[in-house]
Amino acid sequence: MMRSLLYVLTSLAVIGLAFWAYRENYRTQEAQARAQNLQQAIVEARRNLRVLKAEWAYLNRPDRLVDLVELNYDRLELMPMQPDQFGRIDQVAFPAPPALPITNPVDVSSMEREQ
Amino acid sequence: MTRIPLRPLARILEARSRGENPDAIERENIRLRQEKMRDRARRRAEGRLLVLAGMFLCAFVLVGGRMALLAQSEPGEPRTSVAGADILAQRADITDREGRILATNFDTHSLYAQPEDMVDPGHAADKLVEIFPDLDRARLIRDFTGDRKFLWIKKTISPEQQQAVHDIGEPGLLFGPREMRLYPNGRLAAHVLGGASFGREGVHAAEVVGVAGVEKYLDEALRDPARAERSLTLSLDLSVQAAMEQVLQGGMRIMNAKGASGILMEVDTGEVVAVASLPDFDPNDRPALPTSGHQDDSPLFNRAVQGVYELGSVFKVFTIAQALELGLVTPDTMINTESPLTWGRFRIRDFRNYGAELSVEKVIVKSSNVGTARIAMDIGAARQRAFLDKLGFMDASPLEITEASGSTPLLPKNWSEISTMTISYGHGLSTSPMHLAAAYATIANGGRRIVPTLLRDDANAPGERVVSEATARAMRKMMRNVVTEGTASLGEVEGYAVGGKTGTADKPKPTGGYYDDKVIATFASVFPSDDPEYVLVVTLDEPVERSGSEPRRTAGWTAVPVASEVIRRVAPLLGLRPEIEPVDLAAIKRASD
């Protein structure tokens, strides 16, 4: 009696373990596939990053910046840095005091009210 | 199982009645029983052996089958390890000291053909020539229709070109992934970077190998997969390099020189912040080595490192420094400078006659060959040689580019007394400007030896002591006087206390002797001279300045103004604060205004 119960329990345990192993196997494979996809995504993202960095470096190459500065001289008036542009800290003005808060606003447009 | 009794009563009685021994029956029965047991045990053992054999068979089949499967399967990357994700590219990036990219990799495609699969070779060739005008149609058709099975058409193509080729719709035209080296800054620092090209090529990948410059010198390290993620940090500064190249380019044009080179080096570490050689080239599209003419005239030639020249009077600084160090003279000692100085059949002359005698300081300031030669006579050949050796003038420059191995100085075969005298003012010994910069850095940093390097490293530090602090200080003062009252008066940059020494050397003819109208003009400078931080060496090849009534070729009129402009442009970029009162506030505008 004891013996057959043991047999039954053992075979049940084997079935249970087999089921568990089967499930774990598939879960592992799924996790691996996900890891691989992520890996792929990382590689892709890094490749894009590399392209962007290269592009950034290309767009910031000194030749081009010099040309841009010359093209936009009217607006920017950028010149090569000169020794006499170094200032002392006491030459820098204190920041202007913050503007006083407006307590009695006057509406100059009626747009907001219509909304 | 029915057990047969050993002594069945019926048979025993029967045997007894016949007068036989009934024990025989028992023995017979025991025998039979044992035979039966033996048979059973044997069957069982055989069965077990069979099962065991079956198990082994299964195990071997399993192992064998797995082996066969592994042998048959396509190689694949391990899916579970994370190691693969770290490898970004097959070659590490190169950046400047601020981390700005100087060289990186770019994914593109190569184009190849498998003529066997081609449907319409003529049409494909027509279209290809439209996309790539440099291809030859007749040749393509010959290749496509011949018996070749495979041919490369283009090593790298852009995405637009790839799409255009794709649109031809020819199944025999195929693309392979290619990683190519990209130098986003174009010509900038071309001689340092060198260039790269493809090594062994396959359809799916190709090796990228360095062909010159730092790319070749550090090829192994750059290709090491273990450090592919870390970029190589050079000591160059992109903006300083760009400014220097721009000024040199302008200076070269104004001074009608055929070449120019500039080196800016930190005096305390030997790190090269900028090094330029003009004319230059684009490392993205490296020109071929010249097959005719002189190597020096090729843009590939690195004048700053490969160009070994007799650099002239800039060497006087070393002669005087050694004489001070040995205690032979003080800056005020009077030296006989009667020109010409006759030694055997040689005559040493000065550019101008400076009178009967000059102090040592004035010898430097006015650049007297005669005075320097007389001092060198006191030093002697052996001591001079040992001193120049300590300054690094006897070996090829240790700079980390392949071209540096070609910078071995040209020394006199026989270091005679006349050699000593000429070397004292920079003739008879050819070195590269890089050697000169390192030696000037040695004097500028207080007398400790400097090894020039292109690699940014906090561990870079000066080495053994070559001259004493006091000598170095005296030399800096003299070099400052060269600028304030001597041959390099155009080199003054307000606020940076530039000190230096000019050198104008006649170029040697290939046939022997020297040209009268071709010089190498050099200005080796140190700034700020009260506490030097940088050494700048500017060399112009065959400059001539024609603004005056007669052409002027001396360094004071050619190299010095260029060098001072370089300092004016570069020093603020290096964050060096001028020691002057800044101009009025209006000049300081906020960048956002």
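Is it the case that B:Arg18 is of a type in the set (D, E, K, R) and exposed (fewer than 10 other Cβ atoms within 10 Å of the Cβ)? Yes. Among the candidates B:Val82, B:Val129, the residue that is under 43 Å from the mean Cα position of the chain (by Cα) and at pLDDT below 85 is uniquely B:Val82. Which of (1) farther than 18 Å from B:Val305 by Cβ; (2) part of a loop (DSSP other than H, G, I, E, B); (3) at pLDDT 90 or above does B:Gly186 not meet, given it meets every other one? Condition not satisfied by B:Gly186: (3).
When the stretch B:414-456 is filtered for residues that are part of a loop (DSSP other than H, G, I, E, B) and without any contact (Cβ under 8 Å) to a residue 40 or more places away in the chain, the ones remaining, listed by number, are B:Asn414, B:Trp415, B:Ser416, B:Gly446, B:Gly447.
Only a single criterion out of (1) surrounded by fewer than 23 Cβ atoms within 10 Å (Cβ to Cβ); (2) closer than 21 Å to B:Asp107 by Cβ is not satisfied by B:Ala196, namely (1). Counting the residues of the stretch B:231-271 that are in a helix (DSSP H, G or I) and touching a Phe, Trp or Tyr at 6+ places or on another chain (Cβ under 8 Å) gives 0. Can you confirm whether B:Leu6 is touching a residue at least 24 places away in the same chain (Cβ under 8 Å) and either under 60 Å from the mean Cα position of the chain (by Cα) or not in a helix (DSSP H, G or I) (or both)? Taking the combined requirement at face value, the residue satisfies it.
Within the set B:Arg178, B:Arg223, the sole residue that is surrounded by fewer than 24 Cβ atoms within 10 Å (Cβ to Cβ), within 14 Å of another protein chain (Cβ to nearest Cβ), of a type in the set (D, E, K, R) and farther than 22 Å from A:Leu59 by Cα turns out to be B:Arg178. Among the candidates B:Ser419, B:Ser405, B:Ser367, B:Ser397, the residue that is out of contact with any Phe, Trp or Tyr (no Cβ under 8 Å at 6 or more places or on another chain) and within 28 Å of B:Thr337 (Cα to Cα) is uniquely B:Ser419. For the stretch B:355-374, filtered to residues that are more than 41 Å from the chain's Cα centre (by Cα) and assigned to a loop (DSSP other than H, G, I, E, B), the residue that is surrounded by the fewest Cβ atoms within 10 Å (Cβ to Cβ) is B:Ala356. Residues in the stretch B:183-207 that are of a type in the set (A, V, I, L, M, F, W, C) and within 14 Å of chain A (Cβ to nearest Cβ): 4 in all. In the set (1) surrounded by fewer than 14 Cβ atoms within 10 Å (Cβ to Cβ); (2) under 23 Å from B:Leu234 (Cα atoms); (3) aromatic (Phe, Trp, Tyr), B:Phe150 fails one condition alone, (2).
Among the residues here, B:Ile25 does not qualify as surrounded by 10 or more Cβ atoms within 10 Å (Cβ to Cβ) and either under 60 Å from the mean Cα position of the chain (by Cα) or at pLDDT below 85 (or both).
The values are calculated or read from the model by the stated rules, or taken from the named source; none is laboratory data. All values reported here derive from a predicted model rather than from experimental measurement. Virtual Cβ from ideal backbone geometry, glycine too; neighbours counted across all protein chains shown.
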